[in-house]
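Participant: Below is one structure. I have some questions about it.
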Amino acid sequence: MKRILVKILAGYILFNLLLAAVFISVGGWQMLQKPEIPPTASEPTLQSDLEFFHDVVLANEKDITPEQAARFSSIIETAPTPTTEDDLTLTALKALAVFDNAHTTVLTTRMYRLPLRFHWTADGLIVIKSRPEYAHLLGQRVLSLGGKTPETMLEDTVKLTGGGTPGWQRYRSQFLFSAPSALSFLGAEAELQSTEIRTVDTLGNKTSIELAADENTMPGDPFWDFRNIFPDDEHFNTEGWVSLLHSDQELPLYLQETEKLHILRKVPEHEAVYVRMNASFADKSESLDQFEQRIANLVAEERPSNIIVDFRYNRGGDYTKVLPIVRSLSAAVPAEGRLYLLVGPNTFSAGIIAASQFKRYLPERLTVVGSEIGDALRFRAEGFYPTLPKSGIQLYLTKAWTDLADGCGWFDDCWPPNKLFLEEIGSFEVDLPVENTWEAYLNREDLVMQAVLDDIL
């Protein structure tokens, strides 16, 4: 009996050693490794925040080259002593941009900002939200900021945002163009006390006005700043501001009920069902399992020939929670039907991953509509969120790769779950390129959705 127990114990130990070896071989140590947190100053200042920033980034950001590390350190060492959160944010953006990774960024930006918010359309940058006293500028196209056109400043915004596609860079510029210190860095004549903006309305009437930045720094978040385009949105301390569009108007589906991450609609005249997911995690009022069940019930009831999935504002989250919905939606497309996938520059992170797997399940019955997604198919993410002690500015630093183009081998540096749940897709092209115009946004039309409906006919 004793020998049997010894053999059982030995087998148990060997089995667990084997499991541990397999876990380590697929890169499991990445999931166990804790971030290195450098010591903090006993009485933090903005300068000690900058020093903490330097140390926490170099200790934790994955796959930094020696050249990148040197450039990163040089930017910090030559930066003036920060006197405001704005100074600190700008220096951090410049320093993190050298890593050429869209996820690696300042997650909670705090900068002095103009009393306007902007949105790129296919034919220009427009004003879509403002403080009440500047409501007359709503809907106008921006000709210049501080004497520079938005178009001429676009190329240099990569110096503050790092990686991502040109579409992602253009999206991120919407935030930068509202911050005078960023505008000044980009070559515009901009000061906190006075920045000239020139605009034009749809009739060709031009306006020139001097704007001062808000007295206090205003927050932002690169993964959520797109909410500024939503009707009556008041995120990021914009309570009481005025938006161009309003929730009580007749709106296209992508702008309806924007307080909800996910919506589901019938499109009976086109034998279709519309599914919008603005993130890869659950809404507060409904779990993803519940949402998936609602989709299944509607599909069973309607038996649609076409399914329209809107991922244009799927900014990411946890793709493993969304893959069951991707599979069930793909399975619901009939043999003669199609799944239309709407994407754009705010299709990002886990949103890109989930979007890519539609191509895996429906290689012949998938039509991708819209404009380029926000990042390459190989990107670095799965990070953590250190906070600078004095300012409270939060960072996003990354530690693992996702490779949707060539796939993840057993022993490579991908995030371990990716090796089990994902398949490579090679490339991800837009089949029907279309983007909303200035006029379409003003008129509450959705040219992207219209392209889908026209294709169905």
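The values are calculated or read from the model by the stated rules, or taken from the named source; none is laboratory data. For clarity, every value in this text was computed on a predicted model and none was experimentally measured. All Cβ positions, even for glycine, are placed from backbone atoms using ideal geometry, and neighbour counts span all protein chains on display. Quick note on the areas: whole protein, heavy atoms, side chains included, nothing else; ligands and nucleic acids left out. Shrake-Rupley method; radii C 1.70, N 1.55, O 1.52, S 1.80 Å.
Participant: Which order do you get for His235, His103, His136 if you rank them by accessible area with a 1.4 Å probe, largest at the top?
Facilitator: Largest to smallest exposure gives the sequence His136, His235, His103.
Participant: Then there's this: Give me the one-decimal nm value for the distance between modelled label points at Asp123 and Thr149, 7 Å along each residue's Cα-to-Cβ direction.
Facilitator: 1.5
Participant: Follow-up question, since we're still on this one. Among rounded, prolate and oblate, which fits segment 233-390 when a ≥ b ≥ c are the square roots of the eigenvalues of its C-alpha gyration tensor, a/c under 1.5 means rounded, and a/b larger than b/c means prolate?
Facilitator: Here segment 233-390 falls in the oblate category.
Participant: Also, quick follow-up: For the pairs Lys159/Lys321; Lys159/Lys419; Lys260/Lys390; Lys260/Lys359, note any where the Cα-Cα span goes beyond 30 Å.
Facilitator: Lys159/Lys321; Lys159/Lys419; Lys260/Lys390
Participant: Moving to a separate point now. Work through the residues other than Ile64 whose Cβ is under 11 Å from its Cβ and net out their charges, Lys, Arg +1 and Asp, Glu -1.
Facilitator: -1
Participant: According to the Kirkwood expression over distinct Cα-Cα pairs, how big is the hydrodynamic radius of segment 301-340, in Å?
Facilitator: About 11.3 Å, per the Kirkwood formula over Cα pairs.
Participant: Same structure, new question: Give me the distance between the Cα centres of segment 36-91 and segment 333-355, rounded to whole Å.
Facilitator: Rounded to whole Å, the Cα centres lie 38 Å apart.
Participant: Would you please classify the overall shape of segment 48-127 from the alpha carbon gyration tensor, given that a ≥ b ≥ c denote the square roots of the eigenvalues, rounded means a/c under 1.5, and beyond that prolate means a/b larger than b/c while oblate covers the rest?
Facilitator: Because a/c hits 1.5 or more and a/b fails to exceed b/c, segment 48-127 counts as oblate.
Participant: Under 8 Å for C-alpha pairs, at least 6 residues apart: give me the relative contact order for segment 199-273, rounded to a whole percent.
Facilitator: Once normalised by length, the contact order is 16 percent.
Participant: Hey, what number do you get for the chain at 222 nm if only DSSP H runs of n ≥ 4 count, each worth -39500 (n - 2.57), divided across all residues, to the nearest 500?
Facilitator: When only DSSP H runs of four or more count, the value is -10000 deg cm²/dmol.
Participant: Where Lys and Arg each count +1 and Asp and Glu each count -1, what net charge lies around Asn237 among other residues with Cβ under 10 Å from its Cβ?
Facilitator: Here the count lands on -2.
Participant: Grab the beta carbon distance between Thr207 and Thr387, set R0 = 45 Å, and tell me the FRET efficiency rounded to 0.05.
Facilitator: The formula returns an efficiency of 0.65 here.
Participant: Working only with C-alpha atoms, what are the Rg and Dmax values of segment 232-304, expressed in angstrom?
Facilitator: 14.7, 44
Participant: If you bin the C-alpha pair distances of segment 284-354 every 10 Å from 0, what whole percents do you get?
Facilitator: 19, 49, 30, 2
Participant: Sort all Cα-Cα distances of segment 87-203 into consecutive 10 angstrom bins from zero, then give the percent of pairs in each bin up to the one containing the longest distance.
Facilitator: 14, 47, 32, 6, 0
Participant: Can I ask one more? Scan the chain and report its longest stretch carrying no trypsin sites (Lys or Arg not before Pro) that are both in a DSSP loop and have at most 15 other Cβ atoms within 10 Å.
Facilitator: Result, exposed sites excluded: 1-259.
Participant: List the GluC sites (Glu not before Pro) in segment 290-386 that DSSP assigns to loop (not H, G, I, E or B) and whose Cβ has at most 16 other Cβ atoms within 10 Å. Which are they?
Facilitator: Filter output for segment 290-386: Glu336, Glu364.
Participant: Continuing with the same structure: What's the extension gain from Leu432 to Trp410 if we count 0.36 nm per residue and subtract their Cα-Cα distance?
Facilitator: 4.4 nm
Participant: Are there GluC sites (Glu not before Pro) in segment 183-266 that DSSP puts in a loop and that have at most 10 other Cβ atoms within 10 Å, and which ones?
Facilitator: Listed in order of number, the matching sites are Glu215, Glu239, Glu250.
Participant: For Thr104, Thr83, give the ranking by accessible area with the largest first, probe 1.4 Å.
Facilitator: Sorted by accessible area, descending: Thr83, Thr104.
Participant: First select every other residue whose beta carbon is under 14 angstrom from the beta carbon of Cys414; then total the charges, Lys and Arg +1, Asp and Glu -1.
Facilitator: Summing Lys/Arg as +1 and Asp/Glu as -1 gives -3.
Participant: Quick check: convex hull of the Cα atoms in segment 387-457, volume per residue, rounded to a whole Å³?
Facilitator: Normalising the Cα hull of segment 387-457 by residue number yields 178 Å³.
Participant: Treat each spin label as a single point 7 Å out from the Cα along the C-beta direction, and report the Glu271 to Ser74 distance in nm.
Facilitator: The two pseudo-label positions are separated by 6.2 nm.
Participant: In segment 355-457, which chymotrypsin sites (Phe, Trp or Tyr not before Pro) are in a loop and have at most 14 other Cβ atoms within 10 Å, using DSSP for the loop call?
Facilitator: Trp410, Phe411
Participant: Now for a different question. Along the Cα→Cβ direction, 7 angstrom out, place labels at Glu423 and Ser328. What is the inter-label distance in nm?
Facilitator: For Glu423 paired with Ser328, the spin-label model returns 2.1 nm.
Participant: Classify segment 316-383 as rounded, prolate or oblate, taking a ≥ b ≥ c as the square roots of the eigenvalues of its Cα gyration tensor: rounded when a/c is under 1.5, otherwise prolate if a/b is larger than b/c and oblate if not.
Facilitator: Oblate, because a/c is 1.5 or more while a/b does not exceed b/c.
Participant: Here is a follow-up. May I ask for the Rg/Rh ratio of segment 191-284, computed from Cα atoms with Rh as the Kirkwood radius, given to two decimals?
Facilitator: 1.07
Participant: Using Cα-Cα distances under 8 Å and only pairs 6 or more residues apart, what relative contact order does the chain have, in percent?
Facilitator: 16
Participant: log10 I(q)/I(0), Debye, Cα-only the chain, no solvent, q = 0.08 Å⁻¹?
Facilitator: The computed values of log10 I(q)/I(0) come out as -0.52.
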